[in-house]
Amino acid sequence: MSSLNRIDPTPSSLPSRRLSVAPMMDWTDRHCRVFHRQITRHTWLYTEMVTTGALVYGDVERHLRYDAVEHPVALQLGGSDPADLAKGAKLGEQWGYDEINLNCGCPSERVQKGAFGACLMGEPQLVADCVKAMRDAVSVDVTVKHRIGIDYNEEYGFVRDFIGTIADAGCRTFIVHARNAVLKGLSPKENREIPPLRYEVAYQLKREFPDLEIIINGGIKTDEEIALHLQHVDGVMLGREAYHNPWVMASWDRLFYGDLDAPVKTRVQVLEAMTPYIAEQLRLHREHGLKLNSITRHMLGIMTGLPGARAFRQTLSDPKKLAGADPALLLEAAARMPVAA
(Lines give C-alpha, C1' and ligand atoms only; values in the text may rest on other atoms or scores of the structure.)
Protein backbone atom coordinates (compact mmCIF):
# COMPACT_ATOMS: atom_id res chain seq x y z
CA MET A 1 0.00 0.00 0.00
CA SER A 2 1.74 3.14 -1.15
CA SER A 3 1.21 6.75 -0.30
CA LEU A 4 -0.34 8.78 -3.09
CA ASN A 5 2.15 11.36 -4.27
CA ARG A 6 0.70 11.40 -7.76
CA ILE A 7 -2.64 11.85 -9.45
CA ASP A 8 -4.36 8.52 -9.96
CA PRO A 9 -6.98 8.09 -12.67
CA THR A 10 -10.55 7.52 -11.59
CA PRO A 11 -11.38 3.82 -11.87
CA SER A 12 -13.49 3.07 -14.95
CA SER A 13 -15.91 0.89 -13.05
CA LEU A 14 -17.33 2.09 -9.76
CA PRO A 15 -19.69 0.33 -7.34
CA SER A 16 -23.08 1.83 -6.61
CA ARG A 17 -23.55 4.24 -3.74
CA ARG A 18 -25.59 1.59 -1.97
CA LEU A 19 -23.50 2.15 1.16
CA SER A 20 -21.24 5.00 2.21
CA VAL A 21 -19.48 6.51 5.20
CA ALA A 22 -20.41 10.12 5.90
CA PRO A 23 -18.00 13.05 5.69
CA MET A 24 -17.16 13.97 9.30
CA MET A 25 -14.94 16.86 10.32
CA ASP A 26 -11.80 15.83 12.23
CA TRP A 27 -12.62 12.17 11.66
CA THR A 28 -12.75 11.02 8.04
CA ASP A 29 -9.29 12.15 7.07
CA ARG A 30 -7.16 10.17 4.64
CA HIS A 31 -5.78 7.86 7.34
CA CYS A 32 -9.27 7.02 8.54
CA ARG A 33 -10.37 6.27 4.98
CA VAL A 34 -7.42 3.94 4.34
CA PHE A 35 -8.33 2.10 7.54
CA HIS A 36 -11.99 1.80 6.53
CA ARG A 37 -10.98 0.51 3.12
CA GLN A 38 -9.27 -2.46 4.80
CA ILE A 39 -12.71 -3.47 6.12
CA THR A 40 -14.87 -2.88 3.04
CA ARG A 41 -13.83 -2.73 -0.59
CA HIS A 42 -17.03 -1.35 -2.17
CA THR A 43 -18.42 1.19 0.33
CA TRP A 44 -18.04 4.81 -0.76
CA LEU A 45 -15.80 6.93 1.46
CA TYR A 46 -16.06 10.71 1.81
CA THR A 47 -13.47 13.28 2.80
CA GLU A 48 -13.93 15.75 5.57
CA MET A 49 -15.45 18.94 4.22
CA VAL A 50 -12.82 21.03 2.42
CA THR A 51 -13.69 24.69 1.97
CA THR A 52 -13.22 26.33 -1.39
CA GLY A 53 -11.01 28.94 0.27
CA ALA A 54 -8.62 26.23 1.42
CA LEU A 55 -8.21 25.11 -2.20
CA VAL A 56 -8.23 28.47 -3.95
CA TYR A 57 -5.85 30.13 -1.47
CA GLY A 58 -4.27 27.28 0.51
CA ASP A 59 -2.14 24.18 0.18
CA VAL A 60 -3.96 22.04 -2.37
CA GLU A 61 -1.79 18.96 -1.90
CA ARG A 62 -2.27 18.96 1.86
CA HIS A 63 -6.04 19.05 1.47
CA LEU A 64 -6.44 16.67 -1.47
CA ARG A 65 -3.65 14.11 -1.02
CA TYR A 66 -4.97 10.59 -0.52
CA ASP A 67 -4.03 6.96 -1.11
CA ALA A 68 -5.12 5.16 -4.28
CA VAL A 69 -6.55 2.33 -2.17
CA GLU A 70 -9.36 4.65 -1.04
CA HIS A 71 -11.39 4.43 -4.28
CA PRO A 72 -14.30 4.90 -4.54
CA VAL A 73 -13.72 8.18 -2.71
CA ALA A 74 -15.65 11.45 -2.86
CA LEU A 75 -14.48 14.98 -2.11
CA GLN A 76 -16.91 17.08 -0.10
CA LEU A 77 -16.66 20.81 -0.72
CA GLY A 78 -17.96 23.65 1.41
CA GLY A 79 -18.67 26.97 -0.25
CA SER A 80 -21.31 29.16 -1.85
CA ASP A 81 -19.52 30.94 -4.69
CA PRO A 82 -20.17 29.15 -7.99
CA ALA A 83 -16.83 30.13 -9.52
CA ASP A 84 -14.81 29.02 -6.49
CA LEU A 85 -16.77 25.77 -6.25
CA ALA A 86 -16.11 25.12 -9.93
CA LYS A 87 -12.37 25.60 -9.30
CA GLY A 88 -12.49 23.30 -6.29
CA ALA A 89 -14.44 20.66 -8.19
CA LYS A 90 -11.97 20.80 -11.07
CA LEU A 91 -9.06 20.32 -8.69
CA GLY A 92 -10.87 17.38 -7.12
CA GLU A 93 -11.36 15.77 -10.50
CA GLN A 94 -7.74 16.38 -11.45
CA TRP A 95 -6.65 14.65 -8.27
CA GLY A 96 -8.76 11.65 -9.18
CA TYR A 97 -11.75 11.87 -6.85
CA ASP A 98 -14.74 9.86 -8.03
CA GLU A 99 -17.41 12.33 -6.96
CA ILE A 100 -17.67 15.94 -5.86
CA ASN A 101 -20.21 16.55 -3.08
CA LEU A 102 -21.57 19.93 -2.01
CA ASN A 103 -22.22 20.42 1.71
CA CYS A 104 -25.70 21.85 2.30
CA GLY A 105 -26.18 20.19 5.66
CA CYS A 106 -23.60 21.39 8.19
CA PRO A 107 -25.30 23.58 10.84
CA SER A 108 -22.25 24.97 12.67
CA GLU A 109 -22.09 28.72 13.22
CA ARG A 110 -18.56 28.81 11.79
CA VAL A 111 -19.87 27.38 8.53
CA GLN A 112 -22.86 29.73 8.57
CA LYS A 113 -20.51 32.70 8.81
CA GLY A 114 -19.03 31.50 5.55
CA ALA A 115 -22.57 31.48 4.11
CA PHE A 116 -22.57 27.78 3.30
CA GLY A 117 -23.63 24.49 4.81
CA ALA A 118 -27.24 24.04 5.93
CA CYS A 119 -28.09 27.72 5.56
CA LEU A 120 -27.81 27.21 1.78
CA MET A 121 -31.08 25.31 1.89
CA GLY A 122 -32.72 28.70 2.22
CA GLU A 123 -31.24 29.71 -1.15
CA PRO A 124 -32.06 26.86 -3.55
CA GLN A 125 -31.41 28.91 -6.68
CA LEU A 126 -27.90 29.76 -5.47
CA VAL A 127 -27.29 26.06 -4.82
CA ALA A 128 -28.56 25.30 -8.32
CA ASP A 129 -26.13 27.87 -9.73
CA CYS A 130 -23.31 26.28 -7.73
CA VAL A 131 -24.19 22.81 -8.94
CA LYS A 132 -24.40 23.94 -12.54
CA ALA A 133 -21.00 25.64 -12.33
CA MET A 134 -19.46 22.51 -10.82
CA ARG A 135 -21.08 20.21 -13.37
CA ASP A 136 -19.83 22.42 -16.20
CA ALA A 137 -16.30 22.13 -14.80
CA VAL A 138 -16.09 18.35 -14.28
CA SER A 139 -17.21 15.07 -15.78
CA VAL A 140 -17.52 13.16 -12.49
CA ASP A 141 -20.79 13.18 -10.55
CA VAL A 142 -21.71 16.28 -8.58
CA THR A 143 -23.94 15.44 -5.61
CA VAL A 144 -25.55 17.36 -2.75
CA LYS A 145 -25.77 16.42 0.95
CA HIS A 146 -28.48 18.29 2.83
CA ARG A 147 -31.00 18.24 5.67
CA ILE A 148 -34.78 17.91 5.33
CA GLY A 149 -35.40 21.43 6.62
CA ILE A 150 -33.89 24.35 8.48
CA ASP A 151 -34.89 25.62 11.89
CA TYR A 152 -38.42 24.51 12.71
CA ASN A 153 -39.91 24.42 9.23
CA GLU A 154 -41.08 20.83 8.90
CA GLU A 155 -43.16 21.29 5.77
CA TYR A 156 -42.38 18.60 3.23
CA GLY A 157 -42.78 21.14 0.44
CA PHE A 158 -39.64 22.96 1.61
CA VAL A 159 -37.26 20.07 0.94
CA ARG A 160 -39.26 18.89 -2.08
CA ASP A 161 -38.89 22.27 -3.76
CA PHE A 162 -35.20 22.46 -2.77
CA ILE A 163 -34.47 19.14 -4.46
CA GLY A 164 -36.61 20.00 -7.47
CA THR A 165 -34.69 23.24 -8.04
CA ILE A 166 -31.29 21.54 -7.74
CA ALA A 167 -32.37 18.64 -9.94
CA ASP A 168 -33.26 21.14 -12.65
CA ALA A 169 -29.57 22.17 -12.59
CA GLY A 170 -28.59 18.58 -13.38
CA CYS A 171 -27.89 17.05 -9.97
CA ARG A 172 -29.06 13.42 -9.89
CA THR A 173 -27.89 12.29 -6.42
CA PHE A 174 -29.07 13.67 -3.09
CA ILE A 175 -27.83 12.51 0.31
CA VAL A 176 -30.62 13.26 2.74
CA HIS A 177 -29.76 13.66 6.42
CA ALA A 178 -33.26 13.02 7.71
CA ARG A 179 -33.31 15.74 10.40
CA ASN A 180 -33.83 19.47 10.33
CA ALA A 181 -30.85 21.74 10.96
CA VAL A 182 -31.53 24.31 13.66
CA LEU A 183 -29.26 27.20 12.75
CA LYS A 184 -29.53 29.17 15.99
CA GLY A 185 -29.48 27.79 19.53
CA LEU A 186 -28.21 24.26 18.94
CA SER A 187 -24.61 23.10 18.69
CA PRO A 188 -23.54 20.77 15.86
CA LYS A 189 -23.66 17.88 18.34
CA GLU A 190 -27.16 18.83 19.45
CA ASN A 191 -28.16 19.15 15.80
CA ARG A 192 -27.27 15.48 15.38
CA GLU A 193 -29.43 14.44 18.30
CA ILE A 194 -32.28 16.83 19.14
CA PRO A 195 -34.16 17.43 15.86
CA PRO A 196 -36.22 14.26 15.34
CA LEU A 197 -35.34 11.80 12.62
CA ARG A 198 -38.03 11.69 9.95
CA TYR A 199 -37.03 8.92 7.59
CA GLU A 200 -40.44 8.98 5.94
CA VAL A 201 -39.50 12.33 4.37
CA ALA A 202 -36.61 10.69 2.49
CA TYR A 203 -38.90 7.85 1.47
CA GLN A 204 -41.45 10.32 0.13
CA LEU A 205 -38.73 12.15 -1.82
CA LYS A 206 -37.81 8.90 -3.54
CA ARG A 207 -41.44 8.27 -4.42
CA GLU A 208 -41.85 11.77 -5.81
CA PHE A 209 -38.49 11.77 -7.66
CA PRO A 210 -38.11 8.14 -8.78
CA ASP A 211 -35.43 9.02 -11.35
CA LEU A 212 -33.16 10.63 -8.75
CA GLU A 213 -30.74 8.73 -6.53
CA ILE A 214 -31.83 9.27 -2.93
CA ILE A 215 -29.44 8.22 -0.16
CA ILE A 216 -30.58 8.33 3.46
CA ASN A 217 -28.43 9.36 6.43
CA GLY A 218 -28.93 9.89 10.14
CA GLY A 219 -28.93 7.64 13.21
CA ILE A 220 -28.56 4.36 11.32
CA LYS A 221 -26.55 1.67 13.12
CA THR A 222 -27.27 -1.93 12.11
CA ASP A 223 -27.41 -4.17 9.05
CA GLU A 224 -31.08 -4.74 9.80
CA GLU A 225 -31.79 -1.01 9.69
CA ILE A 226 -29.79 -0.67 6.46
CA ALA A 227 -31.78 -3.46 4.82
CA LEU A 228 -35.05 -1.82 5.85
CA HIS A 229 -34.07 1.56 4.42
CA LEU A 230 -32.92 -0.01 1.15
CA GLN A 231 -36.49 -1.11 0.57
CA HIS A 232 -37.39 2.58 0.19
CA VAL A 233 -34.31 4.45 -1.04
CA ASP A 234 -31.26 3.83 -3.23
CA GLY A 235 -28.51 4.00 -0.63
CA VAL A 236 -27.65 4.34 3.04
CA MET A 237 -24.92 6.49 4.57
CA LEU A 238 -23.64 5.83 8.09
CA GLY A 239 -21.68 8.35 10.10
CA ARG A 240 -20.83 8.07 13.78
CA GLU A 241 -21.63 4.36 14.01
CA ALA A 242 -19.19 3.53 11.21
CA TYR A 243 -16.51 5.58 12.97
CA HIS A 244 -17.00 4.38 16.54
CA ASN A 245 -17.81 0.77 15.61
CA PRO A 246 -16.04 0.28 12.27
CA TRP A 247 -16.45 -3.49 12.31
CA VAL A 248 -20.12 -2.90 11.46
CA MET A 249 -18.82 -2.55 7.88
CA ALA A 250 -17.21 -6.00 7.77
CA SER A 251 -20.32 -7.68 6.35
CA TRP A 252 -21.32 -5.01 3.85
CA ASP A 253 -19.49 -6.23 0.74
CA ARG A 254 -21.19 -9.62 0.96
CA LEU A 255 -24.58 -8.59 2.31
CA PHE A 256 -25.28 -5.45 0.32
CA TYR A 257 -23.00 -5.70 -2.72
CA GLY A 258 -23.34 -9.42 -3.30
CA ASP A 259 -19.57 -9.84 -3.41
CA LEU A 260 -19.22 -13.40 -2.17
CA ASP A 261 -15.53 -13.32 -3.07
CA ALA A 262 -14.81 -10.43 -0.74
CA PRO A 263 -11.97 -11.42 1.60
CA VAL A 264 -13.06 -12.36 5.08
CA LYS A 265 -10.53 -10.69 7.35
CA THR A 266 -10.19 -10.79 11.09
CA ARG A 267 -9.78 -7.58 13.02
CA VAL A 268 -6.14 -8.44 13.65
CA GLN A 269 -5.55 -8.95 9.93
CA VAL A 270 -6.94 -5.46 9.30
CA LEU A 271 -4.48 -4.06 11.86
CA GLU A 272 -1.65 -6.03 10.29
CA ALA A 273 -2.55 -4.55 6.90
CA MET A 274 -2.34 -1.06 8.37
CA THR A 275 1.15 -1.38 9.87
CA PRO A 276 3.16 -0.93 6.64
CA TYR A 277 0.97 2.02 5.69
CA ILE A 278 1.60 3.65 9.06
CA ALA A 279 5.34 3.04 8.82
CA GLU A 280 5.47 4.65 5.39
CA GLN A 281 3.37 7.63 6.42
CA LEU A 282 5.59 8.28 9.44
CA ARG A 283 8.67 8.01 7.25
CA LEU A 284 7.27 10.51 4.76
CA HIS A 285 5.53 12.99 7.02
CA ARG A 286 6.80 12.71 10.59
CA GLU A 287 9.10 15.69 10.14
CA HIS A 288 6.01 17.68 9.15
CA GLY A 289 4.28 16.86 12.43
CA LEU A 290 2.54 13.54 11.74
CA LYS A 291 2.32 11.46 14.92
CA LEU A 292 1.46 7.83 15.41
CA ASN A 293 -1.81 8.61 17.14
CA SER A 294 -2.84 10.80 14.19
CA ILE A 295 -3.50 7.48 12.46
CA THR A 296 -4.15 5.00 15.26
CA ARG A 297 -6.85 7.18 16.87
CA HIS A 298 -9.20 6.11 14.10
CA MET A 299 -8.82 2.44 15.09
CA LEU A 300 -9.81 2.67 18.74
CA GLY A 301 -13.28 1.28 18.04
CA ILE A 302 -12.35 -1.77 16.00
CA MET A 303 -12.68 -4.08 19.02
CA THR A 304 -16.00 -2.59 20.17
CA GLY A 305 -18.21 -5.23 21.77
CA LEU A 306 -15.45 -7.75 22.40
CA PRO A 307 -13.98 -8.78 25.77
CA GLY A 308 -10.75 -6.86 26.26
CA ALA A 309 -11.77 -3.90 24.08
CA ARG A 310 -10.99 -1.50 26.91
CA ALA A 311 -7.46 -2.86 27.32
CA PHE A 312 -6.98 -2.53 23.57
CA ARG A 313 -8.00 1.13 23.67
CA GLN A 314 -5.84 1.80 26.72
CA THR A 315 -2.76 0.44 24.99
CA LEU A 316 -3.38 2.52 21.88
CA SER A 317 -3.94 5.60 24.03
CA ASP A 318 -0.82 5.26 26.22
CA PRO A 319 1.26 8.44 25.66
CA LYS A 320 4.54 6.69 26.46
CA LYS A 321 3.90 3.90 23.99
CA LEU A 322 2.68 6.32 21.32
CA ALA A 323 5.82 8.41 21.74
CA GLY A 324 7.82 5.46 20.43
CA ALA A 325 6.12 5.88 17.03
CA ASP A 326 6.25 2.13 16.42
CA PRO A 327 3.40 0.81 14.23
CA ALA A 328 3.78 -2.54 15.99
CA LEU A 329 1.84 -0.93 18.85
CA LEU A 330 -1.32 -1.97 16.97
CA LEU A 331 -0.42 -5.63 17.30
CA GLU A 332 0.73 -5.17 20.88
CA ALA A 333 -2.71 -3.76 21.67
CA ALA A 334 -4.42 -6.63 19.85
CA ALA A 335 -2.36 -9.12 21.84
CA ARG A 336 -4.07 -7.90 25.01
CA MET A 337 -7.36 -9.29 23.76
CA PRO A 338 -8.24 -12.49 25.68
CA VAL A 339 -9.42 -14.23 22.50
CA ALA A 340 -8.36 -13.91 18.88
CA ALA A 341 -10.19 -11.00 17.23
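The values are calculated or read from the model by the stated rules, or taken from the named source; none is laboratory data. In this text, all values refer to a predicted model and were calculated from it rather than measured experimentally. Ideal geometry is used to build each Cβ from the backbone, glycine not excepted, and the neighbour counts take in all protein chains shown. Side chains are part of the model used for accessible areas, which takes the heavy atoms of the whole protein and leaves out ligands, DNA and RNA. Shrake-Rupley method; radii C 1.70, N 1.55, O 1.52, S 1.80 Å.
Given a 1.4 Å probe and the protein chains all in place, what does the accessible area of Lys87 round to, in Å² to the nearest 10? We get 110 Å² for Lys87.
For the chain, what does the helix formula give at 222 nm: sum of -39500 (n - 2.57) over DSSP H segments with n ≥ 4, over the residue count, nearest 500 deg cm²/dmol?
Details: 17 runs with 139 residues, N = 341.
Helix contribution divided over all residues of the chain: -11000 deg cm²/dmol.
Need one word for region 175-295: rounded, prolate or oblate. Basis is the Cα gyration tensor (sqrt eigenvalues a ≥ b ≥ c); a/c below 1.5 gives rounded, then a/b vs b/c decides. Write down the numbers at each step before the final one.
On the way: a/c = 2.67, a/b = 1.45, b/c = 1.84.
The shape class here is oblate.
When Lys and Arg each count +1 and Asp and Glu each count -1, what net charge do the other residues less than 15 Å away from Lys321, Cβ to Cβ, add up to?
Values: positive: Lys291, Arg297, Arg313, Lys320, Arg336; negative: Asp318, Asp326, Glu332.
Once all neighbours under 15 Å are counted, the net charge is +2.
Note on Arg160 and His232: the model spin-label points, each 7 Å out from Cα along the C-beta direction, lie 1.6 nm apart. What the Cα convex hull of region 44-88 gives, in volume per residue, is 70 Å³.
How big is Rg to Rh over region 220-282, alpha-carbon atoms, Rh as the Kirkwood inverse-mean-distance radius? Please list the in-between numbers first.
Values: Rg = 14.3 Å, Rh = 13.5 Å.
The Rg/Rh ratio comes out at 1.06.
Please compute the per residue accessible area over region 69-153 with all protein chains in place, 1.4 Å probe, rounded to a whole number of Å².
Working: 2830 Å² over 85 residues.
Here the per-residue accessible area is 33 Å².
Per residue, region 187-232 exposes 53 Å² of accessible surface when a 1.4 Å probe is rolled over the protein heavy atoms with every protein chain present.
When the solvent-accessible surface of protein heavy atoms is calculated with a 1.4 angstrom probe, in what order do Glu224, Glu213, Glu287, Glu208 fall, highest first?
On the way: Glu224 135, Glu213 40, Glu287 160, Glu208 90 Å².
Per-residue accessible area, sorted high to low, gives Glu287, Glu224, Glu208, Glu213.
Taking a straight line from the alpha carbon of Lys132, these lysines sit under 23 Å away, with near neighbours fewer than eight places off in the same chain left out: Lys87, Lys90, Lys145, Lys206. A cut-off under 10 angstrom between Cβ atoms defines the neighbours of Phe174, and their net charge, with Lys, Arg +1 and Asp, Glu -1, is +1. Taking the Cα centre of each part, how many Å lie between region 201-240 and region 286-309? Each part reduced to its Cα centre gives a spacing of 30 Å.
How do the peptides 52-64, 23-35 rank, highest first, by the average count of neighbouring beta carbon atoms within 10 Å per residue? Before the final figure, lay out each step's value.
On the way: 52-64: 15.8, 23-35: 19.8.
Taking the mean over residues of other Cβ atoms within 10 Å, the ranking is 23-35, 52-64.
Can you send over the carbon and sulfur percentage of the accessible area for the chain, probe radius 1.4 Å, protein chains only?
On the way: 7290 of 14460 Å².
Using a 1.4 Å probe with all protein chains present, the chain comes out at 50 percent carbon and sulfur.
Once the chain from Arg207 to Leu14 is taken as fully extended at 0.36 nm per residue, the excess over their C-alpha distance is 66.9 nm. In the assembled protein chains, Ile214 presents an accessible area of approximately 0 Å² (probe radius 1.4 Å).
For Lys221, a cut-off of 18 angstrom between C-alpha atoms picks up these lysines, skipping any fewer than 8 places away in its own chain: Lys189.
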